[in-house]
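The numbers here are math on the coordinates, done by the rules we state, and not lab data. From a predicted model like this one, the values you see are computed outputs, not experimental measurements. Cβ: placed from backbone, ideal geometry, glycine included. Neighbour counts: every protein chain shown.
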Amino acid sequence: MLLVTWNTQWCCGLDKVVSPRRIVEGARALGDFDVLCLQEIAVNYPALAGGPGHDQPALLRELLPGFQFFYGPAVDEFTAAGRQQFGNLIATRLPVKQVRHHPLPWPADEGVRSMPRMCTVVTVADPRLGPVRVMTTHLEFFSKPQRMAQARALHALHAEAVGQAKAPPAPSSDGSPFQSKAHTGEAVLCGDFNLVATDPEYGLLTQAAGRSTLHDAWAALHGAAPQPPTFLVHDRTYGPVPIACDFVFVSEGLRGRVKRTAVDGATQVSDHQPVLVELG
């Protein structure tokens, strides 16, 4: 399974050109992906992207025939501009077993700029790996308490799914919503976490919890060698030095299946760099 994750900055390059096509082309340049996880995908935000009514999930769907699309807007609001949405998207050409969208905690942090955050989960059936939960998210940038609460929630979501896989509900084949689901302990958690590997939130995400432990895919393959930076590489608007804050974490059973990792440090069609992980 080849997966690419990318914070697209609403498909806006450093040249201020908004182009979903360039995002797809950039992701394909990294590899012939089976799963594409994108953060900051916008619908009808004229101030950000493409003018009134600009529907980026629809545009991306046209660019990737043969893929199924699952959009998880963390922000879904009605304003004078109409309905506006902003969030994460997973596109895959693998068979899909289940889809879930989990709003993440948004505790009060008075006077600090913030917005709602979401984790979108798509369970795919890989012919070699079996069922895998692909989880993509984008944590809060400005509020550290919110980001910590969101990291804690992600850890709990994975632990809950592992528990379901170990002790599944009663089987059912009655065709109702109670029918048996594809429970699996194997997962990939990816996205823009707005934190670095020395932050306590990173430690929480990778905290040992039996078989529910998540491991940094880059570290699984490269040990202590630092991941190349994925943010502030070509533009320093939000900080003085490049950092790695876009990660791919894998479950215990996939840790030894990480075959390749890569970061495209050259592209400037977003203010983040895309990350590729190959599992085999």
Using modelled backbone amide H atoms (1.01 Å from N, in-plane), which distant-in-sequence or interchain residues come within less than 5 Å of Val188's amide H?
Arg133, Val134, Met135
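Can you check what the net charge comes to around Ala197, using other residues whose Cβ is under 12 Å from the Cβ of Ala197 (Lys, Arg +1; Asp, Glu -1)? Don't skip to the answer; put the middle values down first.
Details: positive: none; negative: Asp199, Glu201, Asp216, Asp246.
Net of charged neighbours comes to -4.
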As a check on your grasp of the helix formula, calculate [θ] at 222 nm for the chain: sum -39500 (n - 2.57) over DSSP H runs of n ≥ 4, divide by the residue count, round to the nearest 500.
-6000 deg cm²/dmol
Please identify the chymotrypsin sites (Phe, Trp or Tyr not before Pro) of segment 207-280 that satisfy two criteria: DSSP loop assignment and at most 15 other Cβ atoms within 10 Å. Which are they?
Tyr238
If you find the alpha carbon centre of segment 12-38 and of segment 113-189, how far apart are they in angstrom?
25
By a straight-distance test (C-alpha under 30 Å), which lysines pair with Lys181 as possible cross-link partners, with residues fewer than eight away in the same chain excluded?
Lys97, Lys166, Lys259
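Can you tally the net charge around Leu232? Count Lys and Arg as +1, Asp and Glu as -1, for every other residue whose Cβ sits under 14 Å from the Cβ of Leu232. Before the final figure, lay out each step's value.
Numbers: positive: Arg236; negative: Asp192, Asp235, Asp246, Asp271.
With Lys, Arg at +1 and Asp, Glu at -1, the net is -3.
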Looks like segment 106-247, by Cα gyration tensor root eigenvalues a ≥ b ≥ c and the a/c under 1.5 rounded cutoff (else prolate when a/b is bigger than b/c, oblate otherwise), is prolate
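Assuming a viscosity of 0.890 mPa s and a temperature of 25 °C, what translational diffusion coefficient in µm² per second does Stokes-Einstein assign to the chain, Rh being the Kirkwood radius over Cα pairs?
Values: Rh = 19.1 Å.
My calculation gives 129 µm²/s for D.
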By per-residue mean of other Cβ atoms within 10 Å, what is the highest-first order of 220-228, 113-121?
113-121, 220-228
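Could you give the size of the charge dipole of the chain about its Cα centre, using +1 on the Cβ of each K and R and -1 on the Cβ of each D and E, expressed in debye and rounded to the nearest 20? Before the final figure, lay out each step's value.
On the way: 24 positive and 26 negative charges, 110 e Å.
Dipole magnitude for the chain comes out near 520 debye.
Could you check what % of the DSSP bridge pairs in segment 104-227 are antiparallel, to the nearest 5? It would help to have the intermediate numbers written out before the result.
On the way: 8 of 15 bridges.
Around 55 percent of the beta bridges assigned by DSSP in segment 104-227 are antiparallel ones.
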Once the other residues with Cβ under 14 Å from the Cβ of Gly66 are scored (Lys, Arg +1; Asp, Glu -1), what is the net sum?
0
